[in-house]
Protein chains: 2
Amino acid sequence: MRSAAPPIPEGFAIPPGLDTPCLVVDLDRAEANARRLGQGAAERGVVLRPHIKTHKSVALARLQLEAGAAGIAVGTLGEAEVMAAGGIDDIFIGYPIWAEGPKAERLRALHTRTPLVVGVDSVAGARLLAAAVAGAVTPLRVLVEIDSGARRTGVTTPEAAAAVARQARDAGLEVIGVFTHGGHGYAAPEARVGAAADEVASLGAAADALRSEGFAVERISAGSTPTGVLAAAGQVNEIRPGTYLLGDRQQVVLEAIPPDSIALIVAATVVSTSVPGQVVLDAGAKTLTKDRAAFLEGFGSMPAYPDVVIERLFDYHAAVAIPSGAEAPRLGEVVAIVPNHVCPAVEQFDDFVVSRGGEFLDRWRVDARGRSR
Amino acid sequence: MRSAAPPIPEGFAIPPGLDTPCLVVDLDRAEANARRLGQGAAERGVVLRPHIKTHKSVALARLQLEAGAAGIAVGTLGEAEVMAAGGIDDIFIGYPIWAEGPKAERLRALHTRTPLVVGVDSVAGARLLAAAVAGAVTPLRVLVEIDSGARRTGVTTPEAAAAVARQARDAGLEVIGVFTHGGHGYAAPEARVGAAADEVASLGAAADALRSEGFAVERISAGSTPTGVLAAAGQVNEIRPGTYLLGDRQQVVLEAIPPDSIALIVAATVVSTSVPGQVVLDAGAKTLTKDRAAFLEGFGSMPAYPDVVIERLFDYHAAVAIPSGAEAPRLGEVVAIVPNHVCPAVEQFDDFVVSRGGEFLDRWRVDARGRSR
């Protein structure tokens, strides 16, 4: 399956007079998305802990907390530092932090100020975490990471989960549960349901294995936007979707979010029409990124021009193929692009233009931009 | 052609104790690269004007100027602002800037302080440039952009070049020459020679067309690392390579740079070995980016482990496939990755670790990071 069909952010108006390329967030839509997931989690009786790597903004994280999220998940120690500095104190680092050298010092400093929960998937990693925080007043809490089929990180059997948990406890960590990321739900629309079931089953088996070793297992956490509330089943008591807040083309094509929930677009200008059969935009690989799932055609979609293909990206240019007879934007026109994958696109910018219904409100920082370590 | 064969930055030692992921520049190698191109341009009697989008660093631009470069090329007004603020005053913006609204104001402000040369490929674009700087003491100088086969930007015939030049002059701009970017030289190693010949031929024809309209045509500028000094022929009197300074895997495979000239690596740590058959590094899509030419396998190469493939990238994870029997890095090991394409990888970071032969020297800012507009 390769789809050129763009999501249609109907009524997503771009404020006039922007300096392009830039990120434009529609706050009405982001708030609606935050409420929708907040309500969905509440109805299913699970905690919502959104992953903030998609927006990296303290203000947007606060918006999620106000709409029912209990805390946040982050992917790096650097994101945790920025969010803690922004006053957010319930932070889960869903990553097997290798706490040696400077990272151990940073972990200790942050944990001393804002007690953390961290992921772990190896005995060696657990021992480093314990050594990093040795002597801290609050013990470091950890969740054992479980591979539920994405084959990325996480132990692959309940026995391995129990072994890591035991040795983490012996090293001085407080093991409070298990987590997984069903990333294989990104493969295709039909993969979502199976990936969610895998998350529920893997976490359930791991939780049982930990309980048989005497652990209380208070937190059982699944998470991705494609699996979303589908994973709020069985023993799972927390979900960690992220991309749902701003949305992107990939999630719409995966049917993980409604097309009218796209809350972020990239505004770009047509800067050249010299080469026949195409127009060139000022949003290149350093703006949209070359992230492109196998089921997507081109490097983003332009809802106002559904037949065009963002075919080639250079650092600062996008060459957009215009099929014969298709409508094309004119030289100088500002167009809206829905990025394939919003997370790395946001990473390219220092700020968002924040708007409501096409009216400029403010600029908000991408506070944790560049905090990949 | 798909190649897993990595370039071998022989003797590229990583300083100990780094917080990963991070960029590491070896200054000995960068200086050698700067000298090599400086000498190559001098031998061929052309001006070297390196494109600084690859490193975005004022300090590295100065290093190039000290090694024989006459000035710099940039891709955005934002890069020009940062380089001018850093004291560099001979700047060519090789981009068809659409000078409306805030961009017109910024262009005028910068040009008033640091007289610029800007690219143009349309009459409408030329008129906006002229309007933006109307009344400035120094006229805005422009180069007409010529498409030499990359089919990105630039007029496609000598007649169109002459027409844009005429109307640019009528609008009040000072037309001083023509430029092109033979981006089709990135297609494969065997494409370089042809692309360079196309640059030379297209620029020559365009220069002739401008002369027949009475233009002096003082600057005839070709440019890319693959075409490099090959384009220093015919009427060409300036070349604008960029990537040669730091190098990347793509350029080595294209045989555009020697393997031992790689002057930048990404240092990453193995954070997980839980899933059999692979290791996971902390350098994901927000570090290496998903840039990958069709002739490359995986998202970068690891010179110390030539048989592995950086197969899948997530935002903060790289899943590296380890073929049966191949040597693999151990959990916690810090490894060097040569990125496929160095320009977007540098864009992900705020700074470089600067070293000589494995010894830590300093941290330098990626000064123009995020300045894509």
Checklist outcome for this item: The residue that is nearest to the other protein chains (Cβ to nearest Cβ), considering only those in segment A:296-305 that are assigned to a loop (DSSP other than H, G, I, E, B) and within 16 Å of B:LYS290 (Cα to Cα), is A:PHE299
Checklist entry - Quick check, is B:SER355 more than 14 Å from chain A (Cβ to nearest Cβ), among the small types (Gly, Ala, Ser) and farther than 20 Å from A:ALA368 by Cα? => result yes
Checklist outcome for this item: Scanning segment A:157-176 for residues that are more than 12 Å from A:ASP121 (Cα to Cα), small (Gly, Ala, Ser) and not in a loop (DSSP other than H, G, I, E, B) gives A:ALA171
Checklist entry - Out of all the residues in segment A:53-72, is one or more charged (D, E, K, R), more than 17 Å from the chain's Cα centre (by Cα) and surrounded by fewer than 18 Cβ atoms within 10 Å (Cβ to Cβ)? => result yes
Checklist entry - What is the number of the single condition among (1) touching a residue at least 40 places away in the same chain (Cβ under 8 Å); (2) touching a strand residue (DSSP E or B) at 6+ places or on another chain (Cβ under 7 Å); (3) at the interface with chain A (Cβ under 10 Å from one of its Cβ atoms) that B:VAL117 does not meet? => result (3)
Checklist entry - Applying the selection to segment B:350-364, what residues are open to solvent by 10 Å² or more (accessible area, probe 1.4 Å), of a type in the set (A, V, I, L, M, F, W, C) and either under 15 Å from B:LYS53 (Cα atoms) or within 21 Å of the chain's Cα centre (by Cα) (or both)? => result B:TRP364
Checklist entry - Could we say that B:ALA195 is outside any loop (DSSP other than H, G, I, E, B), under 19 Å from B:ARG44 (Cβ atoms) and within 25 Å of the chain's Cα centre (by Cα) here? => result yes
Item to check | Matching option when the condition is farther than 28 Å from B:LYS53 by Cα and touching a Lys or Arg at 6+ places or on another chain (Cβ under 8 Å), among B:ALA319, B:ALA256 | outcome: B:ALA319
Next on the checklist: Given the criterion within 19 Å of B:VAL271 (Cβ to Cβ) and not basic (Lys, Arg), identify the matching residue among B:ALA319, B:ALA293.
Outcome noted: B:ALA319
Next on the checklist: Please go through segment A:129-151 and give me each residue that is open to solvent by 40 Å² or more (accessible area, probe 1.4 Å) and more than 17 Å from A:GLU213 (Cβ to Cβ), ordered by number.
Outcome noted: A:ALA131, A:ALA134, A:GLY135, A:VAL137, A:THR138, A:PRO139, A:ARG151
Checklist entry - Can you name every residue in segment B:324-373 that is more than 14 Å from B:THR287 (Cα to Cα), without any contact (Cβ under 8 Å) to a residue 60 or more places away in the chain and touching a strand residue (DSSP E or B) at 6+ places or on another chain (Cβ under 8 Å)? => result B:ALA328, B:PRO329, B:ASP362, B:ARG363
Next on the checklist: Among the residues in segment B:306-317, are any in a loop (DSSP other than H, G, I, E, B), away from chain A (no Cβ under 14 Å) and surrounded by 21 or more Cβ atoms within 10 Å (Cβ to Cβ)?
Outcome noted: yes
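Condition check ((1) at pLDDT below 95; (2) open to solvent by less than 10 Å² (accessible area, probe 1.4 Å); (3) out of contact with any Ser or Thr (no Cβ under 8 Å at 6 or more places or on another chain); (4) part of a loop (DSSP other than H, G, I, E, B)) across all residues:
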residue: A:VAL275; (1), (2), (3), (4): no, yes, no, yes
residue: A:VAL279; (1), (2), (3), (4): no, yes, no, no
residue: A:THR287; (1), (2), (3), (4): no, yes, no, yes
residue: A:LYS290; (1), (2), (3), (4): no, no, no, yes
residue: A:ALA294; (1), (2), (3), (4): yes, no, yes, yes
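Residues checked against (1) modelled with pLDDT of 95 or more; (2) open to solvent by less than 10 Å² (accessible area, probe 1.4 Å); (3) away from every other protein chain (no Cβ under 12 Å):
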| site | (1), (2), (3) |
| --- | --- |
| A:THR153 | yes, yes, no |
| A:PRO158 | yes, no, yes |
| A:ALA168 | yes, yes, yes |
| A:ALA171 | yes, no, yes |
| A:VAL175 | yes, no, yes |
| A:PHE179 | yes, yes, yes |
| A:ASP198 | yes, no, yes |
Checklist entry - Filter segment B:80-99 for residues that are touching a strand residue (DSSP E or B) at 6+ places or on another chain (Cβ under 8 Å), of a type outside the set (A, V, I, L, M, F, W, C) and within 14 Å of another protein chain (Cβ to nearest Cβ); which is farthest from B:SER57 (Cα to Cα)? => result B:PRO96
Next on the checklist: Please go through segment A:323-346 and give me each residue that is in a loop (DSSP other than H, G, I, E, B), within 13 Å of another protein chain (Cβ to nearest Cβ) and either touching a helix residue (DSSP H, G or I) at 6+ places or on another chain (Cβ under 8 Å) or aliphatic (A, V, I, L, M) (or both), ordered by number.
Outcome noted: A:LEU331, A:GLY332, A:PRO339, A:ASN340, A:HIS341
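The values are calculated or read from the model by the stated rules, or taken from the named source; none is laboratory data. Note that the structure is a prediction, hence the values are computed from the model and not measured. Cβ atoms come from the backbone with ideal geometry, glycine included; neighbour counts cover every protein chain shown. These area figures cover heavy atoms from the full protein model, side chains too; ligands, DNA and RNA do not enter into them. Shrake-Rupley method; radii C 1.70, N 1.55, O 1.52, S 1.80 Å.
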